[in-house]
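The values are calculated or read from the model by the stated rules, or taken from the named source; none is laboratory data. As the structure is a prediction and not an experimental result, all values here were calculated from the model. Because the Cβ atoms are built from the backbone with ideal geometry, glycine has one as well, and the counts that use them run over all protein chains shown.
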Number of protein chains: 2
Amino acid sequence: MEEIDRRIVTLLATDGRMSFTDLAKETGLSVSAVHQRVRRLEKRGVIRGYAALVDYDEIGLPLTAFVSIKPIDPSAPDDAPERLSHLTAIEACHSVAGDESYILKVRVASPLALEELLQQIRASANVSTRTTVVLSTPYDYRSPVIEKELGGDVTG
Amino acid sequence: MEEIDRRIVTLLATDGRMSFTDLAKETGLSVSAVHQRVRRLEKRGVIRGYAALVDYDEIGLPLTAFVSIKPIDPSAPDDAPERLSHLTAIEACHSVAGDESYILKVRVASPLALEELLQQIRASANVSTRTTVVLSTPYDYRSPVIEKELGGDVTG
DNA sequence: TCTGAAAGGCATACAAA
DNA sequence: TTTGTATGCCTTTCAGA
């Protein structure tokens with residue numbers, strides 16, 4: 001029951017365009033039952049959306065870096081994520097524990113573009129930056145192995 | 001022409017399940033022309049696949065962390081990615097410039113699970129670890145804004 | 001929550017330009 | 001590389017249990 005939802009999410013995480021017909025075959029349910037379950041998973045927010053996974057080298061953004069940021073003025077309100085969200089080179093923004101406040105993952109075309117981006121980050125959010133350049137990516141976006149208990153109602 | 005491919009990739013990066021019919025409407029091409037272009041983009045590796053984006057809180061993996069690793073024995077061959085790939089909690093592995101050799105992104109159920117994972121990482125790859133816990137994620141998996149020149153044959 | 005049926009829409013292949 | 005057509009499959013909805 002809950003087991004089938006895990007299976008569906010795993011299958012779609014691996015192949016986001018899998019058809020309902022194939023999902024039905026894999027789960028042993030009817031097509032319409034799978035259909036309802038997927039729609040419910042989408043509505044509950046378990047599935048947040050679907051994306052094509054892109055090769056960043058191929059689309060002209062071969063340079064990836066992690067940029068850790070720290071506020072210049074620690075007493076100022078921390079609205080860095082909103083201040084930075086207009087910079088489309090930023091793929092992700094994580095608030096983190098530790099010496100620095102956020103880790104950004106960025107994708108740019110060149111070292112020069114990275115330099116310009118760092119200036120924009122510093123200026124937009126009034127932060128200092130520490131940058132770690134990615135040399136290669138053995139793997140990324142691996143599909144999760146889903147825990148047995150879905151949702152927040154874990155009692156065990 | 002190349003412009004249309006950028007558009008198609010952008011649309012599919014944002015909605016990985018968009019139909020060819022809708023892609024055709026958005027690009028002004030016929031359905032079969034879009035179909036061929038998507039298949040070509042997949043074959044060229046510009047589109048590497050499709051994935052459902054999952055809410056990690058909802059699937060029982062609410063704790064995200066970045067784990068930087070450094071070999072204990074720097075003279076030993078560096079095969080950390082292969083040695084670690086069996087650990088499914090590791091979502092991504094990036095080789096990086098700087099003091100440490102790799103940055104791992106991991107997803108676990110709890111602090112205890114993180115502790116156990118770190119032990120497995122250290123044992124599997126003979127490395128020391130430095131862990132940065134993610135407190136919240138303002139945004140992640142944002143779709144790229146694609147450069148005008150696709151592929152490696154940039155002449156301008 | 002499931003199944004099965006009915007509808008319309010969509011994917012895919014193909015001929016032609 | 002494109003368009004249009006054709007066929008069959010798939011998605012989606014609905015009734016019923």
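Sub-6 Å Cβ pairs linking a first residue in the range B:96-124 that is in a loop (DSSP other than H, G, I, E, B) to a second residue that is of a type in the set (Ser, Thr, Tyr), at least 6 apart or interchain, are B:Gly98/A:Thr132; B:Glu100/B:Ser68, ordered by first then second residue. Residues in the range A:80-114 that are charged (D, E, K, R) and under 15 Å from B:Pro138 (Cα atoms): 4 in all. A:Ile47 meets all of the listed conditions (1) in contact with a helix residue (DSSP H, G or I) (Cβ under 7 Å, 6 or more places away or on another chain); (2) within 11 Å of DNA strand C (Cβ to nearest atom); (3) within 10 Å of chain B (Cβ to nearest Cβ); (4) not aromatic (Phe, Trp, Tyr) but one, namely (2). Selection within the range A:1-10: residues that are in a helix (DSSP H, G or I) and within 13 Å of DNA strand C (Cβ to nearest atom). The member of this set that is modelled with the lowest pLDDT is A:Glu2. Summed over the range A:63-86, the residues that are over 27 Å from B:Pro111 (Cβ atoms) and buried (at least 16 other Cβ atoms within 10 Å of the Cβ) give a count of 4. For the range A:108-116, the condition of being at the interface with another protein chain (Cβ under 9 Å from one of its Cβ atoms) and either closer than 23 Å to B:Thr132 by Cα or of a type in the set (Lys, Arg) (or both) holds for none of the residues.
Considered as a group, the residues in the range B:11-55 that are out of contact with any Phe, Trp or Tyr (no Cβ under 7 Å at 6 or more places or on another chain), under 27 Å from A:Asp57 (Cβ atoms) and part of a loop (DSSP other than H, G, I, E, B) include one that is farthest from DNA strand D (Cβ to nearest atom), and that residue is B:Gly45. For the range B:95-109, residues that are surrounded by fewer than 17 Cβ atoms within 10 Å (Cβ to Cβ) and of a type in the set (Asp, Glu) total 1.
Residues of the range B:11-27 that are free of Cβ contacts under 8 Å to residues at least 12 places away in the same chain and either more than 17 Å from A:Arg17 (Cα to Cα) or near DNA strand C (Cβ under 9 Å from one of its atoms) (or both): B:Met18, B:Ser19, B:Thr21, B:Asp22, B:Ala24, B:Lys25.
Taken over the range B:26-40, the criterion of being farther than 20 Å from A:Asp55 by Cβ and of a type in the set (S, T, N, Q) is satisfied by B:Thr27, B:Ser30, B:Ser32.
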